[in-house]
Structure formats: C-alpha cells, structure tokens
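Following: one structure in structure tokens, then a few remarks.
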C-alpha cells in the first residue's frame, strides 16, 4: 500500500500532518489489504454511519421495561445533540479536507461531503460507549471495544486523518461526561 501525498490547505501545524502520515502508513502496512481486517473495518464504518450501531443497542435495551425505554429515548436524544454539535457545528468551522485515496477501495464506503475534522464516527462512538457503559457497567469494556473499532475504521477506510479521529474521540468523551447525568438514573446490569 502506498501512502497518499499530503496536499495541505487546512492550516494545521506540520507536526499534525506528520502524525497523520505516520499513522496512515503504519496502519496501511499492518491492516489495509487484509480481507478480514477490510471486512471488519468497512462494516464498522458503515454501522457507525448515523450512529446506527448505538441506536440499535439502545433500542434493544429499551425493550426490557418502560424505564429502559425512557432511558433509550434520552440516550438517542443525547446522540442527536452530539451529532448536531460535531456535524453541523464544528465541521462547518474547520473545513479540513479529507484524506486522498490513491488505491481503489476493496469494499464500498460512503464518503461524506463534510469536513474531515473532527471525526463524527469517533465522537459518537466514544460518547455512546461512555453513556451506555454508565447504564450497563458490566458491558462497559465491550462498548469501548466497539467504539474503538468504529473510530479506527475511519482511518482504515481513509475517510479521516488519525488526528481527526483522536480529536473526535476526545470531543465525544467530553460531551458524554457533560451530559451523562441525563441518563444516570437508569442503571441496569
């Protein structure tokens, strides 16, 4: 796998570009082009679109009781708020170009037209993992593992730079910590 040449017009420090290039090159050598890794990360990227994975989990939890249904609705509204903040707010301010893809992708992936910074997949994944983990502590590790796969899938499919993913994850965690009190009363497990 070759690393795409960086054409920066995002006014970020060169250290960020070097970090992104190094991560992309290393990721490409280790994971890209391996059929199992490609299937896993392309699927994770698709399931992360519009927070589908997290909403399915919340809907399943909401079937247990009226209290769980109410908690799932609050969770969904919090994810909607996160999406609006990141996708309609931050992305419109930063306007960073997405990575250039030099080689053909082995599987289909939706390529958003919005700014690359920050990664909405990473932000919603980390917010969801935190909020779901507060609600169901015994599954916390599983939620964070799924969130890590969804977040890093964006590097794998070359739709985000690594720094976009790191920033998105940090934003998602900060958002969740600020809002987790809205679902804290409902804990099951």
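The values are calculated or read from the model by the stated rules, or taken from the named source; none is laboratory data. Computed from a predicted structure; not experimentally measured. Backbone-built Cβ (ideal geometry, glycine too); neighbour counts: all protein chains shown.
Some points to look at:
- Counting only helices (runs of 4 or more DSSP H) wholly contained in the range 21-114, the ones carrying 3 or more residues that are in contact with a helix residue (DSSP H, G or I) (Cβ under 7 Å, 6 or more places away or on another chain) occupy 35-48, 52-62, 66-83.
- In the condition set (1) exposed (fewer than 13 other Cβ atoms within 10 Å of the Cβ); (2) within 17 Å of residue 164 (Cα to Cα); (3) modelled with pLDDT of 95 or more, residue 52 is compliant with all but (2).
- Of all the numbered requirements in (1) within 17 Å of residue 174 (Cα to Cα); (2) under 16 Å from the mean Cα position of the chain (by Cα); (3) surrounded by fewer than 17 Cβ atoms within 10 Å (Cβ to Cβ), residue 78 misses one, and that requirement is (3).
- Pair list, Cβ under 6 Å, 6 or more apart: the range 92-114 residue more than 25 Å from residue 36 (Cα to Cα), other residue not in a loop (DSSP other than H, G, I, E, B): 114/91
- Filter pass, residue 150 being within 16 Å of residue 83 (Cα to Cα) and modelled with pLDDT of 95 or more: yes
- Test: residue 92 is under 22 Å from residue 77 (Cβ atoms) and surrounded by fewer than 17 Cβ atoms within 10 Å (Cβ to Cβ): yes
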